[in-house]
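Visitor: Let me give you the structure first, and then I'll get to my questions.
The values are calculated or read from the model by the stated rules, or taken from the named source; none is laboratory data. It should be emphasised that the depicted structure is a prediction, and the values quoted were computed from it without experimental measurement. Because the Cβ atoms are built from the backbone with ideal geometry, glycine has one as well, and the counts that use them run over all protein chains shown.
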Amino acid sequence: MNALSIAHGLLMIVGRPVRIAALLVAASASVLWLLVGGRLLSMPFALATLVAFMLPATRVRRGLILGAWSTMLLITLLPFDVTARTAPDGPKFIRCCPGAPYRDYEATVLLDRAGACRFCSDVVGFNEPTWFLVW
């Protein structure tokens, strides 16, 4: 028995109202997690989860929905993210600018525009990305 069949068996045991409540809690927690994490890389998987859940043909394939949903959540834990910024010397991975940006704001912004590092906040959250892919 795999984990998916065990989860499916547990969902069949409980009643429909409990399943609907669990779905609403999971959906709202996922949206909150996505907003807090704020990763551009996980947005396509969030859209894929929504589309897979809304289409009747893919709604019956719970493995597809669960796979896209868990991928979206796990991507927010990765140490890198994709940015919409461009770098003058092509695609590469860069880090956050070191130090607090308000100390030497102009130099930090110049480094950011040159593609040497990405301007990040000095307030560190719980799962901030360390590396960014710039185009």
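Visitor: Please find, among Leu50, Leu73, Leu40, Leu66, the residue that is of a type in the set (A, V, I, L, M), outside any helix (DSSP H, G or I), modelled with pLDDT of 80 or more and surrounded by 12 or more Cβ atoms within 10 Å (Cβ to Cβ). Before you say what the answer is, go through the steps one by one.
Guide: Values: Leu50 fails: outside any helix (DSSP H, G or I); Leu73 fails: outside any helix (DSSP H, G or I); Leu66 fails: outside any helix (DSSP H, G or I).
Just a single option satisfies the conditions, and that option is Leu40.
Visitor: Can I ask one more? Under the condition of being part of a loop (DSSP other than H, G, I, E, B) and among the hydrophobic types (A, V, I, L, M, F, W, C), which residue from region 84-107 is modelled with the lowest pLDDT? I'd like the intermediate steps shown before the answer.
Guide: Of all residues in region 84-107, those part of a loop (DSSP other than H, G, I, E, B) come to 84-91, 97-104.
Applying the additional criterion that residues be among the hydrophobic types (A, V, I, L, M, F, W, C) yields 84, 87, 97, 100.
On the way: Ala84: 77, Ala87: 72, Cys97: 72, Ala100: 58.
Filtering first and then ranking leaves Ala100.
Visitor: Sticking with this structure for a sec: Every residue in region 53-63 that is surrounded by fewer than 15 Cβ atoms within 10 Å (Cβ to Cβ) and within 21 Å of Thr76 (Cα to Cα), please.
Guide: Gly63
Visitor: Quick check, is Asp81 on the phi < 0 side of the Ramachandran plot, at pLDDT 80 or above and acidic (Asp, Glu)?
Guide: On the way: on the phi < 0 side of the Ramachandran plot: yes; at pLDDT 80 or above: yes; acidic (Asp, Glu): yes.
For Asp81, the condition - on the phi < 0 side of the Ramachandran plot, at pLDDT 80 or above and acidic (Asp, Glu) - is met.
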